[in-house]
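Engineer: Take this structure first; my questions come after.
Laboratory data are not the source of any read-out in this text; all were calculated from the coordinates shown. Please read all numbers here as calculations on a predicted model, not as lab measurements. Cβ atoms come from the backbone with ideal geometry, glycine included; neighbour counts cover every protein chain shown.
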Amino acid sequence: MPHQLYIATRKGIWIATSTDREQWSLWGPAFLGTQCHHVMLDPRDRKTLLAASRQWHLGPTVFRSLDGGATWKEAATPPQFPKGDVRERAVDHVFWLTPGHASEPGVWYAGTSPKGLFKSVDHGVTWAPISGFNDHPEQHKWVGSDKDQTPDGGKLHSIIVDAKDPKRLYLSMSGGGTFTSPDGGESWKPLNSGVAMDFAPPKPDGSEYEYGHDPHCMVQSPVAPDRFWQQNHCGFYRMDRPSEKWVRVGKNMPAEIGDIGFGVVPHPREADTAWVFPMDGGGDWPRTPIGGKPAVYMTRDAGASWQRQDEGFPKEQAWWTVKRQAMCADRGTPAGLYFGTTNGELWGTVDEGASYRCLFRHLPHIFSVTYGEPA
Amino acid sequence: MKVVIPSQLRGYTGGAKEVEAAGATLAEALADLDRQFPGFRFRVIDEQDRVRQHILIFVGGERCEDVRDKIPEGAEVFIAGALSGG
């Protein structure tokens, strides 16, 4: 069974393939010159590839391939807000793609900029807005103003379909916070208790902000679905459902490293194990490795302690940025971890982080790296 | 009418640099183009009927920002991609 890494970049898509995780070949580009924020293989049929694409001049869309990326067909109805939307919203780019529950083949979810939630029930051919979220009477408050967005527009990301319940959805927004729905997206409530918001003053009554936080990435453990991890603009957190309180386990990171970053990857089989890539969130927020010395940090005890992993990385003067969608794990034993950098390098480990090596370099700015095992 | 197609949109027109379209307004011409080349319109016009930020449309040599604008008899529609930088 081949291992594949789907690499979405600022200027197209590449696919890395290996049968042994040692020798990798690189295929591509597809969509050369086009911004592609997310590419993902459907883990249910292991055949359908969806790609979120926004050509620089043209509008946003989603492409679908059934032949491993050799040919692509555009969605007949890409994600878009209703014509006549009272807030005059128009999708600028599709940022995030999530396959639906294992029991719902053909269902996909998409998150966009500006922040919107969309659903397909036909393998990504047609998309419809989820009105329960997009048109919620409080939604305009949740998504914030122009000052609450990432530089190229706010992002709705980290859409999670609960492995235990296809109706239970989670999502995060930068900025805006994390929200959950018990009914497939008809109703929503914030899920941000315990999360810091250092960019806002404490409330006079000491209470927490309900929303307005800046989660960078949220994931559900594939082996323990009650466990969630969140890398936030203000720290790294864990939540064990049914609790609704995030615990800042990033406080256990070395103080000189801190707990700021974009991505988080759960281990494929160990509920207490996860990886993060800390970046500098001090001063002018360079979002680069602390001191120019890249390192992944791994916990094997649910965040109580962290181990530095930097074997194979440059020891100095390496000012990478790893974006929120650009880290992923495979399902191998031992597990492999892969990440892409904004300077176009793809790095990987097949021994859970004991040593890393650069698989490919000279690619464009990498937005996302996802893993799949095509049939 | 003749419609001049920029390189970014020729994937929809089978590589054609110029195509023919019918319609008394820009909206009608774009609807006809979308019938001929499915998906074409949404890459140029957003869901609120606005010309996308980095697309320019000229009708008879005049910049056109409103899909309701009429297309004079014999006028050419010229679509351009307009974005600088890397």
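Engineer: I need the semi-axes of the equivalent ellipsoid of segment A:269-368: take the C-alpha gyration tensor, multiply each eigenvalue by 5, square-root it, list largest first in whole angstrom.
Structural biologist: Sorted largest first and rounded, they come to 21, 17, 12 Å.
Engineer: Now, a different point. Give me log10 I(q)/I(0) at q = 0.12, 0.23 Å⁻¹ for segment A:1-101, Debye formula, one equal scatterer per alpha-carbon, no solvent.
Structural biologist: -0.43, -1.26
Engineer: Just checking the output field for A:294-304: average partner chain Cβ neighbours within 10 Å of each residue's Cβ?
Structural biologist: Per residue, the number of nearby Cβ atoms from other chains is 0 on average.
Engineer: Something else now. Just checking the output field for A:57-68: average partner chain Cβ neighbours within 10 Å of each residue's Cβ?
Structural biologist: Average per residue, whole number: 4.
Engineer: In whole angstrom, note down how far apart the Cα centers of segment A:52-105 and segment A:269-347 are.
Structural biologist: 29 Å
Engineer: Can you pull the three principal axis extents for the Cα set of segment A:16-58, in Å, largest first?
Structural biologist: For segment A:16-58, the Cα spread along each principal axis is 40, 25, 12 Å.
Engineer: Please tell me the relative contact order of segment A:127-251 in percent, rounded to the nearest whole number, where contacts are Cα pairs under 8 Å and at least six residues apart.
Structural biologist: 19 percent
Engineer: Also, quick follow-up: Tell me which lysines have Cα within less than 25 Å of A:Lys323's Cα, excluding those fewer than 8 residues away on the same chain?
Structural biologist: A:Lys11, A:Lys115, A:Lys119, A:Lys147, A:Lys155, A:Lys251, A:Lys293, A:Lys315
Engineer: Could you give the Stokes-Einstein D for segment A:64-208 in µm² per second, using the C-alpha Kirkwood radius, 4 °C, 1.567 mPa s?
Structural biologist: 80 µm²/s
Engineer: What's the whole-number percent of alpha carbon pairs in segment A:318-375 lying beyond 20 angstrom?
Structural biologist: In whole percent, the long-distance tail amounts to 21.
Engineer: While we're here: What order do you get for B:Asp46, A:Asp20 when you list them from fewest to most C-beta neighbours inside 10 Å?
Structural biologist: Fewest-to-most ranking of B:Asp46, A:Asp20: A:Asp20, B:Asp46.
Engineer: So, by mean Cβ neighbours within 10 angstrom, what's the order for A:92-101, A:342-351 with the highest one leading?
Structural biologist: A:92-101, A:342-351
Engineer: Okay, moving on. Counting other beta carbons within 10 Å of each Cβ, put A:Lys203, A:Lys167, A:Lys155 in order, fewest first.
Structural biologist: Listed from fewest to most nearby Cβ atoms, that is A:Lys203, A:Lys167, A:Lys155.
Engineer: Ranking A:Cys217, A:Cys36, A:Cys358, B:Cys64 by Cβ neighbours within 10 Å, fewest first, what do you get?
Structural biologist: Exposure proxy ranking, most exposed first: A:Cys358, B:Cys64, A:Cys217, A:Cys36.
Engineer: So, one more: Add -39500 (n - 2.57) for each DSSP H run of 4 or more in chain A, then divide by its residues: what number comes out at 222 nm, to the nearest 500 deg cm²/dmol?
Structural biologist: -500 deg cm²/dmol
Engineer: How large is the charge dipole for chain A, taken about the Cα centre, if only the Cβ atoms of Lys, Arg (+1) and Asp, Glu (-1) carry charge, to the nearest 20 debye?
Structural biologist: 420 debye
Engineer: Something else about it: With θ set to phi - 60° and the Karplus curve 6.51 cos²θ - 1.76 cosθ + 1.60, what are the ³J(HN,Hα) couplings of segment A:24-34 in order, to the nearest whole Hz, using x for Gly and Pro?
Structural biologist: 10, 10, 10, 10, x, x, 10, 6, 4, x, 10
Engineer: At what distance in nm do the modelled label points of A:Lys189 and A:Lys147 sit from each other, each positioned 7 Å from its Cα along Cα→Cβ?
Structural biologist: 3.0 nm
Engineer: Restricting to Cα pairs below 8 Å that are 6+ residues apart, what does the relative contact order work out to for chain A? Please round to a whole percent.
Structural biologist: RCO, chain A: 13 percent.
Engineer: Scan around A:Arg168 for amide H atoms under 5 Å from its own, H built in the peptide plane at 1.01 Å from N, and keep only partners 5 or more places away or cross-chain.
Structural biologist: Result for A:Arg168 returns A:Asp162, A:Gly184.
Engineer: Name the residues whose placed amide hydrogens come within less than 5 Å of the amide hydrogen of A:Leu359, ignoring near sequence neighbours (fewer than 5 apart) on the same chain.
Structural biologist: Here the answer is A:Leu346, A:Trp347, A:Gly348, since their amide H atoms fall under 5 Å of that of A:Leu359.
Engineer: Sticking to Cα atoms, compute the Rg of segment B:2-81 to one decimal and its Dmax as the biggest Cα-Cα distance, whole number, in Å.
Structural biologist: Both quantities, over Cα of segment B:2-81: 11.1, 28 Å.
Engineer: Continuing with the same structure: Using Cα pairs under 8 angstrom and six or more residues apart, how large is the relative contact order of chain B, in percent?
Structural biologist: 33 percent
Engineer: Now a separate question. Pop the C-beta distance of A:His140 and A:Lys167 into the FRET formula with R0 = 35 Å and round what comes out to the nearest 0.05.
Structural biologist: Step by step, r from the Cβ atoms, then E = 0.90.
Engineer: What are the principal axis extents of the Cα atoms in the protein assembly as shown, in Å, biggest first?
Structural biologist: 74, 57, 46
Engineer: For B:Gln48 and A:Glu311, what does the FRET efficiency come to when R0 = 45 Å and r is the distance between their Cβ atoms, rounded to the nearest 0.05?
Structural biologist: About 0.30, to the nearest 0.05.
Engineer: I've got another one for you. Only four residue types carry charge here, +1 at the Cβ of Lys and Arg and -1 at the Cβ of Asp and Glu. Report the dipole size of segment B:2-81 about the Cα centre in Debye, rounded to the nearest 20.
Structural biologist: 300 debye
Engineer: For segment B:9-53, report the % of Cα-Cα distances exceeding 12 Å.
Structural biologist: Result: 60 percent of Cα pairs exceed 12 Å.
Engineer: Continuing with the same structure: Mind checking the full-extension length gain between B:Val4 and B:Glu62? Use 0.36 nm per residue of separation minus the Cα-Cα distance, one decimal, nm.
Structural biologist: Stretched fully, the B:Val4-B:Glu62 segment lengthens by 19.5 nm.
Engineer: Any idea what diffusion coefficient segment A:174-321 gets from Stokes-Einstein, in µm²/s, Kirkwood Rh on alpha carbon pairs, 37 °C, 0.692 mPa s?
Structural biologist: Using the Kirkwood radius from Cα pairs, D works out to 204 µm²/s.
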